[in-house]
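Below is one structure, written out as structure tokens; comments come after it.
The numbers here are math on the coordinates, done by the rules we state, and not lab data. This structure is a prediction, so every number in the text was calculated from the model and none was measured. Backbone-built Cβ (ideal geometry, glycine too); neighbour counts: all protein chains shown.
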């Protein structure tokens, strides 16, 4: 059966000297693995389309009794030159697609997560956007879509209202400053306020939020720890280590 669908490229692996095996996250069929024969030959332009982060339209031959499907052709839905030309943006883009890859099952359609993925990548490609805010928005929305919404209002232990606190290492939930014992991160009042603002905004309204340069990093650290604790597979996202290093570098510049 020939299938045509839009997709986000998640990963590519060389297969022989001229071919690729790619994992893609499709709009209609979820995560699919395809074999792209001959796309690395010098005159074949399809290989450039099958780079992680790219948003493409693809046709492939599908058989339900095999794990790897066969590519027919592909073309761009949207190119992301601003992401490709900025180291910070490409690191965040690679983290986004690897997180989607690790968090999803094969052949399990998830159109809401697919839409979140390409919409966030579109914003990441927009130079007018604060790309750190966009990334924080993605992590928060991902946790919701996967069924784990952080409670940013009440302590998970004593149920009192919180203005600061940390993650309980045993439950992975937020607890207030009085209940926190051991935590990988402590959130001060400014971080709580910023997280609450992000949760109340639509993606298209993020640019209306004015923040200090490095104030987003602690909320991102929290969302990183929270999603890694609750969503299976996210403790093995290698590109998140690059994101953490990038945050440390940005913090060091300001000290």
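Can you tell me how much longer the chain between residue 3 and residue 169 gets when fully stretched, taken as 0.36 nm per residue apart minus their C-alpha distance, in nm with one decimal?
Residue separation times 0.36 nm, minus the Cα-Cα distance, leaves 55.3 nm.
Between 195, 105, 187, where does the largest GNM mean-square fluctuation fall for the chain, given springs only between Cα atoms within less than 10 Å?
105
At 7 Å along Cα-to-Cβ for each site, give me the label-to-label distance between residue 145 and residue 250 in nm.
My value for the distance between the label points is 2.1 nm.
Within the stretch 61-75, what residues put their amide N at less than 14 Å from the label point 7 Å along the Cα-to-Cβ vector of residue 48?
Zone members listed by number: 75.
Suppose only helical runs count, i.e. DSSP H with n ≥ 4. What mean residue ellipticity at 222 nm does that imply for the chain under -39500 (n - 2.57) per run, divided by all residues and rounded to the nearest 500 deg cm²/dmol?
Working: 8 runs with 94 residues, N = 255.
Roughly -11500 deg cm²/dmol at 222 nm, from the helical runs in the chain.
Label the stretch 2-78 by shape, choosing from rounded, prolate and oblate, from the square roots a ≥ b ≥ c of the eigenvalues of the Cα gyration tensor; if a/c is under 1.5 it is rounded, and otherwise prolate applies when a/b is larger than b/c, oblate when it is not.
Oblate.
Ranked highest first by the average count of other Cβ atoms within 10 Å around their residues, in what order do 160-172, 24-36 fall?
24-36, 160-172
Report, to one decimal in Å, the Kirkwood hydrodynamic radius for the stretch 81-253 based on all distinct Cα pairs.
That comes to 16.5 Å for the stretch 81-253.
Given R₀ = 25 Å, what would the calculated FRET efficiency be for residue 232 paired with residue 66, taking r from the Cβ atoms and rounding to 0.05?
Efficiency, rounded to the nearest 0.05: 0.45.
Only Cα pairs within less than 10 Å get springs; with that Gaussian network setup on the chain, which residue of 42, 111, 150 has the largest fluctuation?
Highest fluctuation of the listed residues: 42.
Pick out which of 238, 115, 41 has the largest mean-square fluctuation in a Gaussian network model of the chain, springs linking Cα atoms closer than 10 Å.
Between 238, 115, 41, it is 41 that shows the largest mean-square fluctuation.
Sorted by packing (mean other beta-carbon atoms within 10 Å per residue), highest first, where do 58-67, 92-101 land?
Answer by packing, highest mean first, reads 92-101, 58-67.
For the stretch 196-255 and the stretch 113-153, what is the separation of their Cα centres, given in Å?
10 Å
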